[in-house]
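Coordinate-derived values only; no laboratory data. Just so you know, these numbers come straight off a predicted model, no measurement behind them. All Cβ positions, glycine included, derive from the backbone under ideal geometry; neighbour counts span all protein chains shown.
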Amino acid sequence: MKVLMIQKIWLNEKIRYILIGGYNTVVGYSVFAVLWMLWGQSLHYIVILTLSHIIAVTNAYFGYRILVFRKKGDGWQDFFRFNMVYVGAFVFNVLALPILIEVGNFHPLVAQGVLVMMTTVMSYLLHRRFSFRLE
């Protein structure tokens, strides 16, 4: 009975997106945090953001493509569209992170946590309608 309930829940794309998105959010933020702890004193936070972005987006692509939207076939076009969504999020992050840190006096780890939450909901709609749209 519980297995059927779990299978039924897993069939819902939005629930899969929330679960995989939660995982991706933890991974992306953790990569930023680890890089900050390792090199925060020697690298500018925008460099750390850029490195963590590349790692996190690559990880997220495979989770969304395979587990959430269940796309098959050539993935290069999807990967390009997927990255276009995240370029927008990255630009927003590059502009907002200095404001939160320099003007708002947020610690970089707190500022990045706030920005991650702000971009999560928006990305579902963009990925559903653009990155992994059905042809």
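One-quarter of the Cα convex hull surface for region 82-135, in nm²?
On the way: hull surface 14.2 nm².
Dividing the Cα hull surface by four gives the mean projection, 3.5 nm².
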Within the chain, which whole H helices from DSSP have a Cα span along their axis of at least 15 Å and a mean Kyte-Doolittle hydropathy of 0.5 or more, if any? 13-39, 45-62, 76-98, 108-126
Euclidean distance between Cα centres, region 48-124 to region 22-40, Å: 12 Å
Can you pull the one-decimal nm distance between simple spin-label points at Met5 and Val87, each 7 Å off the Cα toward Cβ? 4.5 nm
Where nothing but the Cβ of Lys and Arg (+1) and of Asp and Glu (-1) is charged, how large is the charge dipole of region 29-135 around its Cα centre, in debye to the nearest 20? 480 debye
Over the Cα atoms of region 13-131, how large are the radius of gyration and the largest Cα-Cα distance (Dmax), in Å? 14.5, 46
Between Arg70 and Gln41, what is the label-to-label distance in nm when each label sits 7 Å out along the Cα-to-Cβ direction? 5.1 nm
Restricting to Cα pairs below 8 Å that are 6+ residues apart, what does the relative contact order work out to for the chain? Please round to a whole percent. 28 percent
